[in-house]
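Following this message is one structure expressed as structure tokens.
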Amino acid sequence: RPRVLSGIQPTADSFHFGNYLGALRQWVDLQRDHQPFFFIADQHAITVEQDPKVLRERTLRAAAQLLAMGIDPLRSAIFVQSQVPEHAQLAWVLQCLTGFGEARRMTQFKDKSAKGGEGAASVGLFTYPILQAADILLYRPHYVPVGEDQRQHLELTRDLAQRFNSRYKKTFRLPEPYILKATAKIADLQEPTAKMSKSASSPSGIIDLLDDPKVSAKKIRSAVTDSEAEVRFDRETKPGVSNLLTIYSALAGRSIGSLEEEYDGRGYGDLKRDLAEVVVDVVTPFRDTVLDLLDDQAYLTDVLRRGAEQAGTVAEATLRDVYQRVGFVARS
Ligand code: AQP
């Protein structure tokens, strides 16, 4: 079975609809006929300042959300990045293969450091994509399910894999991004040309999976659309309506075409009201399951321990090959 790997940061109390539709739903689906490794990226989280207590809580909340979504620990290794030290160890080797200019070209660093200025950003934020390359390459996955915003980082990962393979010996598989076009970029509800994002969106532009369902319904009903009244999918001229149709289609499992037909001549109010109901139906049971799981911390930490053991076995074997090929003397 082909391997898949992906990760998510525990940097909010809840995942949002961009994370869910862009990536996490694919994780659940891919479990069926792949060998999956899914991790909670706490080391990526500290590239910006985190409160230690909050980070610990959010890491467990992330695990609870993944389980509630349908990630099955019997099929998938679910683990916390910092519990598998090989990630940071391989990252160092890969950093030594990365050009400074090459790292500088990463647009996410440019965007994220723009606010406080480059000088205020941590070196960790700068080298983040290289740690991400290590996260991936350690497991030699075939596919990496992510949203569109991660495409450039995946390219860097492939370049580094190729460079290592040709400088030393074929060690890494070149992973393919697994990006579903329809949901690759879920937009901010208030600013539908921008991506829904926990750091950039306003509270009314982002729907968190663990929001009070009533609040989520209200956010859908007040989403920005346009001055026409025609329910039609056109990302260029109607980004707001197209985003609502994208979310509706993904959640209800219906084609955009059938939704356009259903709402033909009915205006935006009906579309928003019905979508709000669909959203409430999805998030209500999800939220209940997460709250139940959070009551059983011993179970959560046990799932994560087992995941780290599984992941660690694979990661250790890859790192051993890497160290040997680079010329490090093994500890006898
Ligand atoms: N709006 C989005 N549409 C589609 N996919 C998205 N992802 C994130 N936002 C969208 C995908 O979610 C996965 C987890 O990403 P992450 O842990 O790196 O979270 P993130 O990218 O930090 O999430 P945000 O909200 O975008 O955070 P900020 O604002 O801090 O950058 C990834 O696969 C990502 O593609």
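The values are calculated or read from the model by the stated rules, or taken from the named source; none is laboratory data. What you see is a predicted model; the values in this text were computed from it and never measured. Heads up, the Cβs are rebuilt from the backbone with ideal geometry, glycines too, and the neighbour counts pull from every protein chain shown. All accessible areas refer to the heavy atoms of the entire protein, side chains included, with ligands and DNA or RNA removed. Shrake-Rupley method; radii C 1.70, N 1.55, O 1.52, S 1.80 Å.
Round to a whole number: what % of the accessible area of the range 222-322 belongs to carbon and sulfur, probe 1.4 Å?
48 percent
May I pose another question? Could you give each residue of the range 48-58 its phi-based ³J(HN,Hα) in whole Hz, using Karplus coefficients 6.51, -1.76, 1.60 with θ = phi - 60°, and x for Gly or Pro?
Computed from phi, the couplings for the range 48-58 are 10, 4, 10, 6, x, 5, 5, 4, 4, 5, 5 Hz.
Is there a quick way to get the dipole size of the chain? I mean about its Cα centre, with the Cβ of Lys and Arg at +1 and of Asp and Glu at -1; what is the value in debye to the nearest 20?
1400 debye
In addition: Would you mind checking the tilt of helix 239-252 against the longest principal axis of the Cα atoms of the chain, expressed as 0 to 90 degrees and rounded to 10?
80 degrees
Here's something else I'd like to know. Suppose each label sits 7 Å from its Cα in the direction of the beta carbon; what would the residue 88-residue 299 distance come out to in nanometres?
Modelled inter-label distance: 3.1 nm.
Considering amide H positions built from the backbone, and no H for Pro or chain starts, which residues 5 or more places from residue 176, or on another chain, come under 5 Å of its amide H?
Placed amide hydrogens put 143, 144 under 5 Å from residue 176.
Can I ask one more? Return the subset of 218/238; 112/170; 110/214 for which the Cα-Cα distance in this structure is over 32 Å, preserving the input order.
Pairs exceeding 32 Å: 112/170; 110/214.
Right, here's the next one. Which shape class, rounded, prolate or oblate, goes with the range 113-192 when its Cα gyration tensor gives a ≥ b ≥ c as root eigenvalues, a/c under 1.5 marks rounded, and past that a/b bigger than b/c marks prolate?
oblate
I'd like to know which of 136, 307, 285 lies farthest towards the positive end of the charge dipole of the chain, counting +1 on Cβ of Lys and Arg and -1 on Cβ of Asp and Glu.
136
Here is a further query. Any chance you could tell me what percent of the C-alpha pair distances in the range 216-332 go past 26 Å?
51 percent
Here's something else I'd like to know. Probe radius 1.4 Å, ligands and nucleic acids ignored: give me the carbon and sulfur share of the accessible area of the range 32-117 as a rounded percent.
That share works out to 52 percent.
Compute the Cα gyration tensor for the range 44-162, then decide on rounded, prolate or oblate, letting a ≥ b ≥ c be the square roots of its eigenvalues: rounded whenever a/c is under 1.5, prolate when a/b is larger than b/c in the other cases, and oblate in all that remain.
Because a/c hits 1.5 or more and a/b fails to exceed b/c, the range 44-162 counts as oblate.
At 222 nm, what helix-only mean residue ellipticity would the chain give, in deg cm²/dmol to the nearest 500, using -39500 (n - 2.57) for each DSSP H run of four or more?
That comes out to -16500 deg cm²/dmol.
Can you work out D for the range 1-71 in µm² s⁻¹ from Stokes-Einstein, where Rh is the Kirkwood radius over C-alpha pairs, the temperature is 25 °C and the viscosity is 0.890 mPa s?
Estimated via Stokes-Einstein, D reaches 194 µm²/s.
Express the Stokes-Einstein translational diffusion coefficient of the range 121-247 in µm² s⁻¹, to the nearest whole number, given a Kirkwood radius over alpha-carbon pairs, 10 °C and a viscosity of 1.306 mPa s.
It diffuses with D of about 93 µm²/s by this estimate.
Cα convex hull of the chain: mean projected area in nm², to one decimal?
Across all orientations, the chain yields a mean hull projection of 18.1 nm².
Just how far, in whole angstrom, is the range 20-76 from the range 265-288 if you go by their alpha carbon centroids?
That distance is 25 Å.
So, one more: At 0.36 nm per residue, and after removing the present C-alpha to C-alpha distance, how many nm does the segment from residue 170 to residue 252 gain when stretched out fully?
Computed gain between residue 170 and residue 252 is 25.1 nm.
Can you give the relative contact order of the chain as a percent, counting alpha carbon pairs under 8 Å and 6+ residues apart?
Rounded, it is 23 percent for the chain.
Please compute the per residue accessible area over the chain with all protein chains in place, 1.4 Å probe, rounded to a whole number of Å².
Roughly 47 Å² per residue, with all protein chains present.
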